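Chemist: Questions regarding the structure given below will be posed in turn.
The values are calculated or read from the model by the stated rules, or taken from the named source; none is laboratory data. As the structure is a computational prediction, the values presented were derived from the model and not from experiment. Because the Cβ atoms are built from the backbone with ideal geometry, glycine has one as well, and the counts that use them run over all protein chains shown. Side chains are part of the model used for accessible areas, which takes the heavy atoms of the whole protein and leaves out ligands, DNA and RNA. Shrake-Rupley method; radii C 1.70, N 1.55, O 1.52, S 1.80 Å.
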Amino acid sequence: MRIPALLSQLFGVLPLAFLGPAGPADPVASVRVAPSYPDQAVRLVAVFPGNIVRVVGHEQPAIEVRWRSPATDRGGAVPRLSEDRNDVLLEVGAEGKGRDIEIAVPYHTSLSLKNQSAGSITVTGLTGNQEIESRFGDILLEEMSGSAVLAAYHGSLKATFLELDDDGANSFITYRGDIALHLPADLGATLSLTLDSVSIDSDFILEGVMKRGPSTHRIGDGKARIDVTLNGGHLTLRARAEGRTPPD
Amino acid sequence: MTSNDSCLHARSCTYFDVLHRLELDGDLVGEMGQRWLEHLDDCEDCRVRAQDERGLLEALAPGPQLSESRHEEILGAALARGADPIEVRNRDPRPRRPRRWRPAGNRRMAAFLTAACVVGVLLGSMMERQLRRQDETPAAVELEAMRQEVRETRQQLTLAQMRDPVASRRLSAVLDVQRDSPVDDTVLAAVISRLQYDPSVNVRLTAVTFLVGQLDRPGVVEQLIASVDRAPDPLLHLALIDRLAAVGTSGSDTVLRALRDSSRVDPEVREHAARQLSLAEPATPLSPSKRS
């Protein structure tokens, strides 16, 4: 059992270290909801008005949202959580813009997140189908399993996968930014690239002709689908050895 | 001369074949023809073989009738050898097995058997063809029906997957459509719907990629133009412009002009569309009035 989860079980709340160093002027508030079916996967849907968001998998079935209220905050802006048959909706009003939000979810959770303004989204240690969109900010996925559909208008994408699902499709789009994918070393995938310029650094042998514009390449058995659309940025494909955290 | 000494067959099969062929064709005349006939009288092996082959030939087609002069020639030769003229005259001018060897009605029987064989072969062939047609036609129809069923099932699955709450699956469905193109109007409409209403920009962009390849289909250009105003999305619009520019048809230029002229489109995007249009459209020559 992981230490944060243990502490969480012991004290009934997430450890304060989860949010990192917090000043006494920035108290932490939280809301929590339990899924109807604790032993089944959860789906979390949220639209953020412009926040730095961090989502972490934990061993508890509950979904807990914590945010740091600035000292200047007069209150009133409280994110709301609602649940219906394991579909969880997180509502952050416009007044919650600019706050750092941290969300603890069960490991088997699929996210559908949108950041409508500035702010990055970081997700760690989940299994499921992740759909994340960010207008002005990076998207970072760490230690993931399943599939991902990521889009950033102005921001870079970085995703580390322990496993990629074969049945779904993966898509990574950014208009202004780079894309770095750390994928299992034994990956079998069909890689569809739409590149404005050929700027690639790949550990994988990509079959097919690399060119500007759309091109398709096969890696191994070609089972998983990965679509990458880049507009002038750099694409990095790293083969991730099992049990080793990839270098940045 | 013993049978073996004079046997042409014993000397060379080729020699026998040449002589016999000449005989069958009616060209074995003169001294060589006479020697051939004499040999057949003496050599049973060659006689039997020649008879067999001639019988086969006669069974297949009526043999050439000997000319009167040829008949006389053979008859004269026989008489010169001291043969009974009646016997010679009654003999078939062409060398063949003596009558005593032939069963009565052999020729008619052979012809009848051959005809029966030919008819049998023809009937068998027709029946076999008919049976094969009977066997294959339902199988082919059934196979085509199964293929159609698979296509329809796959289409239903794709359409259902396009409404899946998980973006990854909706994306997968649009990619499947792209792979299985050409598609019918139902699927085309579903992809247009994805372009206009899908919450994921990734899915919308994949739909754009597919639809730009369908610009010649009725209504696609209009729907792309409608989507420009309906979902003012710079990322999508820029991707659309790049894909349209790569196509370079009148339909793509129409959509590019709509992007350039729409007030709901981001100014940077409009500029990009105008730039692509200027690259695509050849410089318009000045009219005489403008020159003056």
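Chemist: First measure r as the distance between the Cβ atoms of B:Ala111 and B:Thr153, then evaluate 1/(1 + (r/R0)^6) with R0 = 41 Å and state the FRET efficiency to the nearest 0.05.
Modeler: In this case the efficiency is close to 0.10.
Chemist: Moving on to the next point. Rounded to the nearest 5, what % of DSSP beta bridges with both residues in the range A:93-232 are antiparallel?
Modeler: 15
Chemist: Can I ask one more? Just checking the output field for A:120-130: average partner chain Cβ neighbours within 10 Å of each residue's Cβ? Display every interim value, and only then the final one.
Modeler: On the way: counts 0, 0, 0, 0, 0, 0, 0, 0, 2, 6, 3.
Taking the mean over all residues of the peptide, I get 1.
Chemist: Return the residues of the range A:143-166 for which accessible area with all protein chains present is lower than in the chain on its own by 40 Å² or more; set the probe to 1.4 Å and exclude ligands, DNA and RNA.
Modeler: By number: A:Val149, A:Tyr153.
Chemist: For the range A:171-246, state which trypsin sites (Lys or Arg not before Pro) are in a DSSP loop and have at most 10 other beta carbons lying within 10 Å of their beta carbon.
Modeler: Details: sites: A:Arg176, A:Lys211, A:Arg212, A:Arg218, A:Lys223, A:Arg225, A:Arg238, A:Arg240, A:Arg244; in loops: A:Lys211, A:Arg212, A:Lys223, A:Arg244.
Hits after loop and neighbour filter: A:Lys211, A:Arg244.
Chemist: Scan around A:Thr229 for amide H atoms under 5 Å from its own, H built in the peptide plane at 1.01 Å from N, and keep only partners 5 or more places away or cross-chain.
Modeler: Long-range HN contacts for A:Thr229: A:Phe172, A:Ile173, A:Thr174, A:Thr194.
Chemist: Another question, then. Whole number please: convex hull volume per residue, Cα atoms of the range A:154-216, in Å³.
Modeler: Details: hull volume 6.0 nm³, N = 63.
Dividing the Cα hull volume of the range A:154-216 by its residue count gives 95 Å³.
Chemist: Additional query: In Å, the Kirkwood hydrodynamic radius of the range B:129-205 over pairs of distinct alpha carbons? Could the numbers behind the result be given before it?
Modeler: Working: mean 1/r = 0.0709 Å⁻¹.
Taking the inverse mean of 1/r over all distinct Cα pairs, the range B:129-205 comes out at 14.1 Å.
Chemist: Are there residues in the range B:140-181 whose accessible area shrinks by at least 30 Å² when all protein chains are included rather than the chain by itself, and which are they (probe 1.4 Å, ligands and nucleic acids not counted)?
Modeler: B:Pro165, B:Val166, B:Ala167, B:Ser168, B:Arg169, B:Leu171, B:Ser172, B:Leu175
Chemist: Next question, about the same structure. At a cut-off of 10 Å², which residues of the range B:233-262 become less accessible once all protein chains are present than in their chain alone, using a 1.4 Å probe?
Modeler: For the range B:233-262, once contacts with the other chains are taken into account, B:Asp233, B:Pro234, B:Leu235, B:Leu238, B:Asp242, B:Arg243 lose 10 Å² or more.
Chemist: A further question on this structure: Can you work out the Karplus-derived ³J(HN,Hα) for every residue in the range B:238-252? Use 6.51 cos²θ - 1.76 cosθ + 1.60 with θ = phi - 60°, whole Hz, and x for glycine or proline.
Modeler: Computed from phi, the couplings for the range B:238-252 are 5, 5, 4, 4, 4, 6, 5, 4, 6, 7, x, 10, 5, x, 5 Hz.
Chemist: How big is the Kirkwood radius of the range A:109-248, worked out from every pair of different alpha carbons and given in Å to one decimal?
Modeler: It is 14.7 Å.
Chemist: May I ask you to rank B:Thr186, A:Thr109 by accessible area, largest first, using a 1.4 Å probe over the protein chains only?
Modeler: On the way: B:Thr186 75, A:Thr109 0 Å².
Result, largest first: B:Thr186, A:Thr109.
Chemist: Could you state how much accessible area is buried at the B-A interface, both sides summed, with a 1.4 Å probe, in Å² to the nearest 100?
Modeler: Looking at B and A, the buried total is near 1900 Å².
Chemist: Then there's this: Please tell me the relative contact order of the range A:91-248 in percent, rounded to the nearest whole number, where contacts are Cα pairs under 8 Å and at least six residues apart.
Modeler: Value for the range A:91-248: 18 percent.
Chemist: Also, quick follow-up: If contacts are Cα pairs under 8 angstrom and at least 6 residues apart, what is the relative contact order of the range A:198-242 in percent?
Modeler: Result for the range A:198-242 is 52 percent.
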